[in-house]
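Structure first, commentary second.
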Amino acid sequence: MLLIISTLLVIIYTTICITKVYNHKNHLVNMTGMTVVMVVVMSSSLVVGLITGIAVKGDLTLSTIIAISFSISVGILVGSFINLLTLVEGIAGGIMGGMMGAMLGVMLPLDNFKLMLVFTDVLFILSSLFIILIINSELKKNGESISFYPRSFPWIVTSLISAMIILTFAQLESKPALSKSIVQKEHHHHNE
(Lines give C-alpha, C1' and ligand atoms only; values in the text may rest on other atoms or scores of the structure.)
Protein backbone atom coordinates (compact mmCIF):
# COMPACT_ATOMS: atom_id res chain seq x y z
CA MET A 1 0.00 0.00 0.00
CA LEU A 2 2.90 2.36 0.75
CA LEU A 3 4.21 1.95 -2.82
CA ILE A 4 0.78 2.87 -4.22
CA ILE A 5 0.48 5.94 -1.96
CA SER A 6 4.01 7.03 -2.92
CA THR A 7 3.26 6.61 -6.61
CA LEU A 8 0.06 8.66 -6.32
CA LEU A 9 1.94 11.30 -4.37
CA VAL A 10 4.59 11.61 -7.09
CA ILE A 11 1.99 11.78 -9.86
CA ILE A 12 -0.15 14.40 -8.08
CA TYR A 13 2.69 16.65 -6.95
CA THR A 14 4.54 16.39 -10.27
CA THR A 15 1.35 17.33 -12.12
CA ILE A 16 0.80 20.29 -9.79
CA CYS A 17 4.39 21.48 -10.27
CA ILE A 18 4.18 21.07 -14.06
CA THR A 19 0.92 23.05 -14.11
CA LYS A 20 2.41 25.77 -11.89
CA VAL A 21 5.48 26.04 -14.15
CA TYR A 22 3.29 26.18 -17.27
CA ASN A 23 1.01 28.86 -15.82
CA HIS A 24 3.95 31.09 -14.86
CA LYS A 25 6.53 30.21 -17.52
CA ASN A 26 6.95 33.86 -18.51
CA HIS A 27 8.18 34.71 -15.00
CA LEU A 28 10.62 31.77 -14.82
CA VAL A 29 13.55 32.98 -16.86
CA ASN A 30 17.26 32.26 -16.71
CA MET A 31 18.52 30.37 -13.65
CA THR A 32 15.18 30.36 -11.83
CA GLY A 33 13.51 28.37 -14.61
CA MET A 34 16.43 25.97 -14.89
CA THR A 35 16.50 25.41 -11.14
CA VAL A 36 12.75 24.81 -10.90
CA VAL A 37 12.76 22.35 -13.80
CA MET A 38 15.82 20.49 -12.49
CA VAL A 39 14.31 20.11 -9.01
CA VAL A 40 10.92 18.95 -10.34
CA VAL A 41 12.42 16.36 -12.64
CA MET A 42 15.24 15.12 -10.42
CA SER A 43 13.17 14.76 -7.25
CA SER A 44 10.26 13.03 -9.00
CA SER A 45 12.53 10.69 -10.97
CA LEU A 46 14.46 9.75 -7.83
CA VAL A 47 11.26 8.61 -6.09
CA VAL A 48 9.92 6.89 -9.23
CA GLY A 49 13.25 5.11 -9.65
CA LEU A 50 13.15 3.96 -6.04
CA ILE A 51 9.55 2.76 -6.39
CA THR A 52 10.27 0.82 -9.59
CA GLY A 53 13.46 -0.62 -8.10
CA ILE A 54 11.46 -1.92 -5.14
CA ALA A 55 8.51 -3.10 -7.27
CA VAL A 56 10.57 -5.07 -9.82
CA LYS A 57 13.07 -6.36 -7.28
CA GLY A 58 16.20 -7.82 -8.79
CA ASP A 59 15.71 -6.39 -12.28
CA LEU A 60 17.93 -3.32 -12.45
CA THR A 61 17.54 -3.06 -16.21
CA LEU A 62 13.74 -2.83 -16.21
CA SER A 63 13.56 -0.49 -13.22
CA THR A 64 16.19 1.83 -14.74
CA ILE A 65 14.43 1.90 -18.11
CA ILE A 66 11.06 2.71 -16.50
CA ALA A 67 12.53 5.44 -14.26
CA ILE A 68 14.56 7.05 -17.03
CA SER A 69 11.61 6.94 -19.46
CA PHE A 70 9.44 8.68 -16.87
CA SER A 71 12.11 11.29 -16.18
CA ILE A 72 12.78 12.02 -19.84
CA SER A 73 9.04 12.51 -20.41
CA VAL A 74 8.73 14.90 -17.46
CA GLY A 75 11.97 16.69 -18.44
CA ILE A 76 10.78 17.25 -21.99
CA LEU A 77 7.32 18.33 -20.87
CA VAL A 78 8.45 20.81 -18.20
CA GLY A 79 11.62 22.02 -19.91
CA SER A 80 9.88 22.78 -23.18
CA PHE A 81 7.77 25.43 -21.44
CA ILE A 82 10.81 27.63 -20.83
CA ASN A 83 13.62 27.13 -23.39
CA LEU A 84 15.93 24.58 -25.00
CA LEU A 85 18.67 24.87 -22.37
CA THR A 86 16.14 24.22 -19.61
CA LEU A 87 14.77 21.25 -21.54
CA VAL A 88 18.27 19.71 -21.75
CA GLU A 89 18.85 20.44 -18.04
CA GLY A 90 15.55 18.76 -17.16
CA ILE A 91 16.33 15.65 -19.21
CA ALA A 92 19.86 15.32 -17.81
CA GLY A 93 18.74 15.82 -14.20
CA GLY A 94 15.93 13.33 -14.68
CA ILE A 95 18.19 10.67 -16.15
CA MET A 96 20.55 11.03 -13.22
CA GLY A 97 17.77 10.95 -10.60
CA GLY A 98 15.96 8.03 -12.23
CA MET A 99 19.10 5.95 -12.53
CA MET A 100 20.17 6.57 -8.92
CA GLY A 101 16.67 5.87 -7.59
CA ALA A 102 16.42 2.60 -9.52
CA MET A 103 19.83 1.44 -8.28
CA LEU A 104 18.92 2.30 -4.71
CA GLY A 105 15.55 0.52 -4.96
CA VAL A 106 17.10 -2.67 -6.29
CA MET A 107 19.83 -2.70 -3.63
CA LEU A 108 17.49 -2.24 -0.65
CA PRO A 109 16.46 -5.37 1.26
CA LEU A 110 12.88 -6.30 0.38
CA ASP A 111 11.76 -6.31 3.99
CA ASN A 112 13.45 -3.02 4.88
CA PHE A 113 12.63 -0.46 2.20
CA LYS A 114 9.95 1.53 4.05
CA LEU A 115 12.28 3.93 5.83
CA MET A 116 14.09 4.90 2.62
CA LEU A 117 10.81 5.27 0.73
CA VAL A 118 9.36 7.51 3.45
CA PHE A 119 12.59 9.53 3.53
CA THR A 120 12.58 10.12 -0.25
CA ASP A 121 8.84 10.88 -0.20
CA VAL A 122 9.37 13.55 2.43
CA LEU A 123 12.31 14.97 0.44
CA PHE A 124 10.10 15.02 -2.65
CA ILE A 125 7.31 16.82 -0.76
CA LEU A 126 9.81 19.40 0.53
CA SER A 127 11.25 19.84 -2.96
CA SER A 128 7.78 20.43 -4.36
CA LEU A 129 7.05 22.93 -1.60
CA PHE A 130 10.26 24.83 -2.37
CA ILE A 131 9.36 24.89 -6.06
CA ILE A 132 6.00 26.49 -5.20
CA LEU A 133 7.75 28.97 -2.87
CA ILE A 134 10.31 29.88 -5.56
CA ILE A 135 7.58 30.45 -8.14
CA ASN A 136 5.54 32.54 -5.69
CA SER A 137 8.66 34.54 -4.85
CA GLU A 138 9.26 35.23 -8.55
CA LEU A 139 5.65 36.31 -8.99
CA LYS A 140 6.01 38.76 -6.09
CA LYS A 141 9.27 40.13 -7.57
CA ASN A 142 7.55 40.64 -10.90
CA GLY A 143 4.83 42.77 -9.37
CA GLU A 144 1.99 40.32 -8.84
CA SER A 145 -0.52 41.94 -6.49
CA ILE A 146 -1.06 38.90 -4.24
CA SER A 147 1.29 38.74 -1.27
CA PHE A 148 3.77 35.89 -0.87
CA TYR A 149 2.58 34.34 2.41
CA PRO A 150 -1.19 33.90 1.83
CA ARG A 151 -0.41 32.38 -1.56
CA SER A 152 2.13 29.93 -0.05
CA PHE A 153 0.35 29.01 3.20
CA PRO A 154 -2.02 26.38 1.67
CA TRP A 155 0.97 24.64 0.06
CA ILE A 156 2.76 24.44 3.40
CA VAL A 157 -0.33 22.92 5.05
CA THR A 158 -0.83 20.49 2.14
CA SER A 159 2.81 19.41 2.34
CA LEU A 160 2.54 18.73 6.07
CA ILE A 161 -0.65 16.71 5.56
CA SER A 162 0.98 14.69 2.76
CA ALA A 163 4.00 13.93 4.93
CA MET A 164 1.73 12.83 7.77
CA ILE A 165 -0.20 10.53 5.42
CA ILE A 166 3.02 8.88 4.22
CA LEU A 167 4.30 8.46 7.77
CA THR A 168 0.94 7.01 8.88
CA PHE A 169 0.86 4.42 6.09
CA ALA A 170 4.48 3.48 6.79
CA GLN A 171 3.62 3.00 10.45
CA LEU A 172 0.50 0.98 9.63
CA GLU A 173 2.44 -1.31 7.31
CA SER A 174 5.06 -2.05 9.95
CA LYS A 175 2.48 -2.72 12.73
CA PRO A 176 1.10 -6.00 11.30
CA ALA A 177 4.57 -7.49 11.12
CA LEU A 178 5.20 -6.64 14.76
CA SER A 179 1.83 -7.89 15.99
CA LYS A 180 2.17 -11.09 13.94
CA SER A 181 5.53 -11.90 15.53
CA ILE A 182 4.11 -11.20 19.01
CA VAL A 183 1.15 -13.53 18.34
CA GLN A 184 3.52 -16.24 17.13
CA LYS A 185 5.68 -15.89 20.26
CA GLU A 186 2.61 -16.04 22.52
CA HIS A 187 1.28 -19.07 20.64
CA HIS A 188 4.68 -20.77 20.95
CA HIS A 189 4.78 -19.89 24.67
CA HIS A 190 1.30 -21.41 25.27
CA ASN A 191 2.27 -24.64 23.50
CA GLU A 192 5.20 -25.26 25.84
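The values are calculated or read from the model by the stated rules, or taken from the named source; none is laboratory data. Model, not experiment: these values are computed from the prediction. Quick reminder, even Gly has a Cβ in these numbers, built from the backbone with ideal geometry, and neighbours come from all protein chains shown. SASA here: full protein model, heavy atoms, side chains in, ligands and nucleic acids out. Shrake-Rupley method; radii C 1.70, N 1.55, O 1.52, S 1.80 Å.
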| field | Where labels lie 7 Å past Cα in the beta-carbon direction, separation of residue 55 and residue 30 in nm | value | 4.0
| message | Given a 1.4 Å probe and heavy atoms of the protein chains only, how would you sort 57, 140, 20, largest accessible area at the top? | response | 140, 57, 20
| request: Taking every Cα atom in the range 1-156, find the radius of gyration and the maximum pairwise distance Dmax, and write them in Å. | output: 15.9, 53
| request: Find the Rg to Rh ratio for the range 29-100, where Rh is the Kirkwood radius over alpha-carbon pairs and Rg uses the same atoms. | output: 1.04
| query | Taking 0.36 nm per residue of separation and subtracting the Cα-Cα distance, what length does fully extending residue 65 through residue 16 add? | reply | 15.2 nm
